[in-house]
1. Specify the residue that is farthest from L152 (Cα to Cα); the eligible residues are those in the range 114-134 that are in contact with a Phe, Trp or Tyr (Cβ under 6 Å, 6 or more places away or on another chain) and surrounded by 18 or more Cβ atoms within 10 Å (Cβ to Cβ).
2. Quick one: count up the residues across the range 91-125 that are without any contact (Cβ under 8 Å) to a residue 40 or more places away in the chain, under 27 Å from R228 (Cα atoms) and in a loop (DSSP other than H, G, I, E, B).
3. Specify the residue that is nearest to H221 (Cα to Cα); the eligible residues are those in the range 298-324 that are touching a helix residue (DSSP H, G or I) at 6+ places or on another chain (Cβ under 9 Å) and of a type in the set (D, E, K, R).
4. Is it the case that F295 is outside any helix (DSSP H, G or I), surrounded by 14 or more Cβ atoms within 10 Å (Cβ to Cβ) and in contact with a helix residue (DSSP H, G or I) (Cβ under 8 Å, 6 or more places away or on another chain)?
5. If the requirement is being under 17 Å from the mean Cα position of the chain (by Cα), closer than 29 Å to L141 by Cα and crowded, with 16+ Cβ neighbours inside 10 Å, which of these qualifies: F77, F111, F58?
6. Six or more apart or on different chains, Cβ under 7 Å: which pairs go from a residue in the range 146-163 that's in contact (Cβ under 8 Å) with a residue 40 or more places away in the chain to one that's assigned to a loop (DSSP other than H, G, I, E, B) and among the hydrophobic types (A, V, I, L, M, F, W, C)? Could you list them?
7. Could you list, in sequence order, all residues of the range 161-178 that are of a type outside the set (S, T, Y) and part of a loop (DSSP other than H, G, I, E, B)?
Amino acid sequence: MEYTSSPKAHMLLRDYISDWEDYIRGGSSSPRGCLYLKDWHLCRAPLAEDVFTLPVYFSSDWLNEYWDVLDVDDYRFVYMGPAGTWSPFHADIFRSFSWSVNICGRKRWFFFPPGQEEALRDCHGGLPYDVTSPALLDGRLYPMRKHCSPPLELTQEAGEMVFVPSGWHHQVHNLEDTISINHNWVNGCNLANMWHFLQQELRAVQQEVSQWRDTMPDWDHHCQVIMRSCSGINFEEFYHFLKIIAERRLLLLTKELGPGDMEGSAGRGLGPQQAAFDVSQIAEVLASVVTHPDFQRVDTSVFSLQPGELLQQLEEVVAATASL
């Protein structure tokens, strides 16, 4: 049973393309099955720099700006696969926005607005792997299914872009041989969603290991470690994420760093009004972070800038820009 993921393997691009050709020659059949290339970080390849221009509407991209500064990862991917490959039911990482452009081929999307996924949980509380499965019609297995509205369905053609709002669960099927470019991103418009999601993730971890709370030394620290392994980030790294974006916006506002000097595509076209908005959103979320009991248990003594000091800086800038 797949549960929350498909079987995975790492392989060279040329080997994947060779398998794809064999799959087509074999009449959509091969001993290795129907393979789907996902999460290829093309933009991190040395010869692929600036392989495409980021649409201006999506240029405020804090996730990739942060990871570009660290130079260790990113959330820009290429997906490619034959007809029949698909992505199971999910919501995007950190409750980020995402966009997807078909270079060639066609996709079928199934969307559920935030909250609708709760009616799709099975009798054990789990979300479905495949929302098109006939098993969802079994009222004993999915007792709340009758309360769920039908999904929003659309077919994406070659050359078209699909925007996925924050927190929308979705499932995607390739109707033809398809290549697409996909980005996940967070900015001031969905930062609060990301923070809410991280609090939910930590609570889920704490509930799972609650029986060891009184016997496990540094239980709170271990919860943060487990959370990071499961979710890709914990409260400490979330603070560093906020700090890096905040410091870059503060530099821009004080004119020590001009818009043309912002590293990576995420900073292009960023002006003072956008920077001021970003600072205000970070300040609002950071105010919640620093007062959160679980964040207060994080050891911040080695931080280069204490959270309270950063929050004070941001609030002073917010007050100054509001008076202009």
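The values are calculated or read from the model by the stated rules, or taken from the named source; none is laboratory data. Everything numeric here is computed off the predicted structure, so don't read it as measured data. A quick note on method: Cβ atoms are made from the backbone with ideal geometry, for glycine too, and the neighbour counts reach across all protein chains shown.
1. Taking the candidates together, the pick is P128.
2. Within the range 91-125, residues that are without any contact (Cβ under 8 Å) to a residue 40 or more places away in the chain, under 27 Å from R228 (Cα atoms) and in a loop (DSSP other than H, G, I, E, B) number 5.
3. The selected residue is D299.
4. Details: outside any helix (DSSP H, G or I): no; surrounded by 14 or more Cβ atoms within 10 Å (Cβ to Cβ): yes; in contact with a helix residue (DSSP H, G or I) (Cβ under 8 Å, 6 or more places away or on another chain): yes.
No; evaluated as a whole, the condition is false for this residue.
5. Values: F77 fails: closer than 29 Å to L141 by Cα; F58 fails: closer than 29 Å to L141 by Cα.
None of the others qualify; the one that does is F111.
6. So the pair list comes out as P151/V131.
7. Of the residues in the range 161-178, the ones of a type outside the set (S, T, Y) are 161-165, 167-177.
Once the filter is applied, which keeps residues that are of a type outside the set (S, T, Y) and part of a loop (DSSP other than H, G, I, E, B), the range 161-178 yields P165, G167, W168, L175, E176, D177.
Every residue, every condition in (1) surrounded by fewer than 13 Cβ atoms within 10 Å (Cβ to Cβ); (2) modelled with pLDDT of 90 or more; (3) in a loop (DSSP other than H, G, I, E, B), yes or no:
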position	(1), (2), (3)
P217	yes, yes, yes
I226	no, yes, no
I233	no, yes, yes
Y239	no, yes, no
L242	no, yes, no
L270	no, no, yes
